[in-house]
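Please read the structure below before turning to the comments.
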Amino acid sequence: MQLTLSDFNEHKNAQKLILWISYGFYVLFLTAPIGFVISLLKSREYKPLLSKPEGEERELLEILASHHQWLSTTFLVTFVFAMISAGTFYYGFGIVLAVGTAIWWIYRIGRGIIGLVEHKSMPVWTGTASEEKVPSQ
């Protein structure tokens, strides 16, 4: 079932709660894959809606979509670097990479939570039509 704009408007608080739950899954780390699935589904759900509304609804949609994209990217990049560090752990490089990845994970989750508390979008590309396109030459 696809989310419609009227459904979104009726359930704004529920959409925010789902985002908070996703951040909670990421903070617990072992449940991060559950948070990733939620964020991935929500990102895809919000994408068609971003081209329609104007005003307050659009702002909230952009905030929620950017946070879900932020979480998805955090999970994917961390997963890739965790696999690389596991493969090179014996050589010592993996230890440094694992520590750096853990610090980056904490930074991304902390920055995302702060952004959510302040009601700010995260600096990600959401693929919306409002973003300026570079003319082809």
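The values are calculated or read from the model by the stated rules, or taken from the named source; none is laboratory data. It should be emphasised that the depicted structure is a prediction, and the values quoted were computed from it without experimental measurement. Note that we place each Cβ from the backbone using ideal geometry, even for glycine, and neighbour counts take in every protein chain shown.
Of note:
Yes/no matrix, rows are residues, columns are (1) closer than 25 Å to VAL117 by Cβ; (2) touching a residue at least 12 places away in the same chain (Cβ under 8 Å):
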| residue | (1), (2) |
| --- | --- |
| LYS12 | yes, yes |
| ILE18 | yes, yes |
| SER39 | yes, yes |
| GLU59 | yes, no |
| LEU71 | yes, yes |
| THR74 | yes, yes |
| GLY92 | no, no |
| VAL96 | no, no |
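- Pair list, Cβ < 7 Å and 6+ apart or interchain, from segment 112-126 residues that are in a loop (DSSP other than H, G, I, E, B) to residues that are at pLDDT 90 or above and aromatic (Phe, Trp, Tyr): MET122/TRP70; VAL124/TRP70
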